[in-house]
Each structure stands twice: as structure tokens, then as C-alpha cells.
Amino acid sequence: MADRAEAPPAIEVRSLRKTYGRSVALHDVSLTVEPGEIFGFLGPNGAGKTTTVKILVGLARQTGGQAQIFGRAPSHLAARRRIGYLPEHFRFQEWATGYEMLDFHGRLAGMDAAERRERIPQVLEQVGLAGRGGEAIRRYSKGMTQRIGLAQAILHRPDLVLLDEPTSALDPVGRREVRLLVRALADDGVTVFLNSHLLTEVEAVCDRVAIVDRGRLVRAGRLSDLAGAAVQLRLLMDRVDRELLAKLAQHGEVAEVEGTAVTLTVDSVDVAPTVAETLIGSGYRLYGLVPVQPSLEDVFVGLVEGGDG
Amino acid sequence: MNNVRPVLTVARWTLIEAIRRRMVFVAVLLSAAFVALFAAGFVLLYGMAEREMAGVSSGVGTGTGLLAIAVVLTVLGLYAVQFMAALLALFLGVGSLSSDVDSGTLHAVLARPLGRGQYLFGRFAAFAALLAAYCAVMVGALLLVARLVAGYQALSPVRAVALVVLEMLVLLAIGMLGSTRLPTLANGVLMFSLFGVAWLAGIVGFIGGLARNETMINLGIGVSLLFPSDAVWRGASFYVQPASFLAFTGNAGADASIPFAAATPMTGAMLGWAIAYPVACLAVALLAFGRRDL
């Protein structure tokens, strides 16, 4: 147990900075991912997500600061032995079959022949490509290519998997499969670093999230912490008038009125029964009262200005 | 051993790629066609010369005349082989790294526990092996044809092949060096231009030799130092010629030599340079590629 306490984080990034000529891709980004976590790295396109991952897998070198994988620099082959990586522009040798490509990657990862023979069909099955390994990658659809890329990333049972937009080419069914795959990896104790601009995807699987915008880390934390303690109540009324809004204002802050639906921001969900009693006691008819957590999207949009910029 | 295994894995993968992309198939097919064409041409032209010579008279001059014709045919044939191999070497070297960088297939590969140097040497080893096999087979086939038809005896087929292979390594290495940073197309334009300039410099140097013009000779040497492909071919061409022919041209002075071939062996200094050149190219390539952000 003492060993585990001293185990280095899966990813540790300190004051990471990357410039390309004059343009700054990353300003002073710091984050830590503990072993076994599913970590979501969120941000609009061009925010610096891919640059960060490329530094973490040794494809690019930082201009300043530190990046470590299990306590070692990514340039260390020993560090890279423990990672699996799906690049953003998942492209593989088109002349090869899926099986051959996986075999090549298995060799590079140091797997022996017996391991490769056993493991390749397993991962093909896991990503939904069972029986398709013999086809040339040239003939794969975009979605299939992304799937074979995922297979390549988890092939050698890495301790840390970095996925850069792993569902960009997948349909909703495929996205769900990837979510299940990520959860299965986490169940096996694998750390997952998920780069994405798809909020629902991150919300559905990640334990913790960091949001980057224009090369800066704007927020990091557990999903529940990110949203803050605030809770909202969504009320469906028979009618909305000034008197109603005045009564609601005693319990919290009216955030939105849409037809006969009112969203009320409150300090705690505990006030819900009191709110209901007040309204019914005043002669209003209440059709629904639901407590809602602000979604990650609300948080995200609030933090990241200008959307796609 | 742990350092060599990834290099071999990459080399093996590169060879499979060459086969799968039909490069090997096309090369074998065209080469077979070329050897057949050379054999037919050699038999035809040499036979014609033989009959003509026999008609004139029999004497010392006939033997030398026939020998000269055999040498010219063989040297030109080998020159063509060397030229095709050079194009192949440039073609392989120019896209050796950049094409996979451009397409993005290298990202997943280089995130593996694989050093950039290991990747680079694996690619180089595979292409070098392909080129060496190609040169050995083609030079061997042409010399064999000449021997069977005209009893042709090259001074040293082994040295000739070794030097032609060295020429290919020079071209492959400089092409790879460009490939570490330049996009494939830009690198291709640059390398083919340099190759053309080196060829021209070889001709300039040859004519300078005939005209005994120091400036032209020095210009030829200068360009050869920058891009020694043509100089190494000239070195190889010496060993391709028969000893008796070299003795004859040696007595007559450089004037009796033929363009595209040398009447004297390569100097030790130029040979040393030609060996150091690809090594230096690879060393610089390693530095350039090792630091590149992908």
C-alpha cells in the first residue's frame, strides 16, 4: 500500500507552454491525472487540446514547463511503453489490412508472437470489428478506421490511454460503444485521458474534467464541483404572473421564464417542498417540479467565450 | 538487442509496404524488360560489328575495335541501369519520412516506444537493401549478357556493384535528409535538381579533362563534393571496363575515353568523401527529425 501512495500520477503537467513561432498554443497549463481516472479534456477547436496530447505522447516538445507520464518525460521510451494513443487524424497505412497494422503496432509495443495472436482478435471484437481484420484499411469506412485506431490504442494493455476526439467519425451507436469501452477500460484500472469537444460524451464518462480555451486552463475539477453547488428547480405552472414571480423570489432567483415554465436557482434542493406548498397554498396549480443540475454545457458555454473561435 | 528489434520491425514493415504497393513488382517487370532489350540490342549490334570487321581484314585493329564496341555498349547499358536505380533511390528517399508525416500515419507509430532514430534507420535499411539487390541483379545481368555474347571481362564486377550501391546510398541518404523537414513534393524538386546539376558537373569535368581546362575540372570536383552521385558512378565505371581496354585508353591518354565513364579509378579522397557523405546525411537527418514536432 505504501508503494501505491508513492506511485506517480499517470499524467502530470506543470506550467506547460508551447509556442509555434509567434503564436502561443499553450500558456501555462497545469493538471494532474491520477491512475485509474477518466479525465476529460474539453475545449473548443483550436484551444490547445491536441497540442497537449502530442506533447504527452512525445510527438511534440514543449517550449516551457514540464510534462510527465508516470513520473517520466514522454521522450523516455519506458514512459511511452505504458501508453496507448489514438491520434486526432486517425490515419493508418492504407495498403495494410487491419490485422497487419495491429500486428505491426503489437511488435513495436514489444508483444511477442503468441501475445499478438491472442490479443489482436480480442481487440478487434472489442471495437466491433470482429471478422473484419483481414480487409485492407483502404476499404474501411471512416468509422471503421476510427475503430481500428481504438483497437491499436488498447492493443498492448496500456496503463494510460490517450484518445484524441475518439468518436468524431462515429454515429450515435458507435459513440455509445466507445463510452462503454472507456468504462470497461476504467474498470480494469486503466487511466483514460479523453480529448473532446463533445460535452455530452465527456459528461457521460468522465470523473474529472479540465476546460481549456485559447491555450489556457479555465477550470478543472470534478464534474459536480464544476457546476458549482447551485441547483435549479424547474416548475411547470398553470399560469405565470407577477405575483407568482414575487413569491418565487422569496425562495431563490428566477433564472428563466418560458411560457408557463419557470427555472428557479436555489441554494439547496431542500427548499423544493416549501416552494411547492407556497404555490399550492396561493391557489396556483403545479404540474411539475424537478430539481436540475446545470449541465456541463451551461458551465462550458459560460466559461468559453465565442463558442467555436 | 533491444535497440535493434524496433529497427528490424520498421525495416520489415517498410519492405512489406514496398511489395504491397507493387513497387517491387513494377521494378522487377521493367528490369526484366530492360535486360531483354539490352541483350537483344547487344547481340544485334555486336554481331553486326563482328561481320563488318570480319569483312575488312583480320589484324590487331579488329580486336580493339570490337572490344571498344563491347565496352561502349556495356557502359551505356550500365549507365542506364545506374540512372534508373538513381531515380528509384531518389524517389524512395524523398518520400521516406515526409509522406507518412503528411498523411498522419506516423503519429500513432512514433508514439510507440520507438526512437525517431530507430524509425529512420529502419526505413533506410529497408530501402538500402532493396536498392542494393536491384543494383547487384541488374549490373550482374548486363555484365553476364556482355560476357556470354562478347566474352567481356570487366575489371572488377564486385567493385563496380559496390560503388553503384554506394551511389544509391548517397542519393537515398540525401533524399531522406530532405524528407525530415521538407514536404515530399518540394524535396523531390530539390533533389532531382541537385541530381541533374551533379550530372552536368560530371560532363563539365569530363570535357574539362579533355580540354585540360583547370577551371572546368575544379568546377566538376566542387559540385561532386556537394552531391557526389555522379562522381561515384564514374568510380564504378572504371571497374566495369576490361583491363585490356583500360590499358589501351591509359596509353592513349584521357582523350580516348568515353563520356559517362572514367579511365582512371576514383581517388581515395573522393571515395572516402563518398562514404562519409551518406553517414553525415543520416546523422544530420537524425538531428533534424529528432527535434521535429509532428
Exercise for review: Provide a single number: the residues in the stretch A:58-104 that are in a helix (DSSP H, G or I), more than 7 Å from chain B (Cβ to nearest Cβ) and of a type outside the set (A, V, I, L, M).
Suggested key: 4
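To keep it simple, each residue is scored yes or no on (1) part of a helix (DSSP H, G or I); (2) away from chain A (no Cβ under 14 Å); (3) touching a residue at least 60 places away in the same chain (Cβ under 8 Å); (4) surrounded by 18 or more Cβ atoms within 10 Å (Cβ to Cβ).
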site	(1), (2), (3), (4)
B:Thr64	yes, yes, yes, no
B:Ala68	yes, yes, yes, no
B:Phe83	yes, yes, no, no
B:Leu92	yes, yes, yes, yes
B:Gly122	yes, no, yes, yes
B:Phe127	yes, yes, yes, yes
Check your understanding: Residue check: is A:Gly133 in contact with a strand residue (DSSP E or B) (Cβ under 7 Å, 6 or more places away or on another chain) and away from chain B (no Cβ under 14 Å)?
Key -> yes
**Study point:** Output for the stretch A:1-60, where each listed residue is polar (S, T, N, Q) and either out of contact with any Lys or Arg (no Cβ under 6 Å at 6 or more places or on another chain) or buried (at least 21 other Cβ atoms within 10 Å of the Cβ) (or both)
**Key:** A:Ser15, A:Thr19, A:Ser23, A:Thr32, A:Asn45, A:Thr50, A:Thr51, A:Thr52
**Study point:** So B:Phe289, is it surrounded by 14 or more Cβ atoms within 10 Å (Cβ to Cβ), within 30 Å of A:Arg91 (Cα to Cα) and either touching a Lys or Arg at 6+ places or on another chain (Cβ under 6 Å) or modelled with pLDDT under 90 (or both)
**Key:** yes
**Study point:** Some residue of the stretch B:102-113 being away from chain A (no Cβ under 14 Å) and surrounded by 14 or more Cβ atoms within 10 Å (Cβ to Cβ)
**Key:** no
Revision key, fill the gap. Per the list (1) under 19 Å from A:Pro9 (Cα atoms); (2) over 11 Å from the mean Cα position of the chain (by Cα); (3) at pLDDT 90 or above, residue check on A:Leu194 breaks on (2)
Study note, to complete from the structure: Considering residues that are more than 10 Å from chain B (Cβ to nearest Cβ), part of a helix (DSSP H, G or I) and not acidic (Asp, Glu), the number found within the stretch A:107-120 is 6
Point to revise | Tally of residues being surrounded by 24 or more Cβ atoms within 10 Å (Cβ to Cβ), under 18 Å from A:Cys206 (Cβ atoms) and of a type in the set (Gly, Ala, Ser) across the stretch A:147-177 | key: 1
**Study point:** Any hit, the stretch A:36-50, residues being touching a Gly at 6+ places or on another chain (Cβ under 8 Å), within 11 Å of chain B (Cβ to nearest Cβ) and within 30 Å of B:Gln118 (Cα to Cα)
**Key:** no
Exercise for review: Six or more apart or on different chains, Cβ under 7 Å: which pairs go from a residue in the stretch A:273-291 that's at pLDDT 90 or above to one that's assigned to a strand (DSSP E or B) and polar (S, T, N, Q)? Could you list them?
Suggested key: none
**Study point:** Residues located in the stretch A:58-80, provided they are out of contact with any Asp or Glu (no Cβ under 9 Å at 6 or more places or on another chain) and either not polar (S, T, N, Q) or not assigned by TED's automatic domain parsing to the domain that holds A:Ala210 (or both)
**Key:** A:Gly58, A:Arg72, A:Ala73, A:Pro74, A:His76, A:Leu77, A:Ala78, A:Ala79, A:Arg80
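Every residue, every condition in (1) in a strand (DSSP E or B); (2) in contact (Cβ under 8 Å) with a residue 40 or more places away in the chain; (3) more than 26 Å from B:His107 (Cβ to Cβ), yes or no:
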| position | (1), (2), (3) |
| --- | --- |
| A:His156 | no, yes, no |
| A:Val161 | yes, yes, no |
| A:Ala204 | no, no, yes |
| A:Arg219 | yes, yes, yes |
Practice item. Check whether at least one residue in the stretch B:9-32 is closer than 23 Å to B:Ala150 by Cβ, more than 14 Å from chain A (Cβ to nearest Cβ) and free of Cβ contacts under 8 Å to residues at least 24 places away in the same chain, and report yes or no. Key: yes
Point to revise | Search result, residues across the stretch B:238-286 that are at pLDDT below 90 and small (Gly, Ala, Ser) | key: B:Ala243, B:Ser244, B:Ala247, B:Gly250, B:Ala252, B:Gly253, B:Ala254, B:Ala256, B:Ser257, B:Ala261, B:Ala262, B:Ala263
Exercise for review: Check A:Arg139 against each of (1) within 21 Å of B:Gly104 (Cβ to Cβ); (2) more than 9 Å from chain B (Cβ to nearest Cβ); (3) touching a helix residue (DSSP H, G or I) at 6+ places or on another chain (Cβ under 9 Å) and name the one condition it does not meet.
Suggested key: (3)
Check your understanding: Only one of (1) part of a helix (DSSP H, G or I); (2) at the interface with another protein chain (Cβ under 8 Å from one of its Cβ atoms) fails for A:Val123. Which number is that?
Key -> (2)
Practice item. May I ask you to say which residue of B:Val149, B:Val139 is at pLDDT below 95 and under 21 Å from B:Ala40 (Cα atoms)? Key: B:Val149
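The values are calculated or read from the model by the stated rules, or taken from the named source; none is laboratory data. Remember, it's a predicted structure, so these values are computed and weren't measured experimentally. Because the Cβ atoms are built from the backbone with ideal geometry, glycine has one as well, and the counts that use them run over all protein chains shown.
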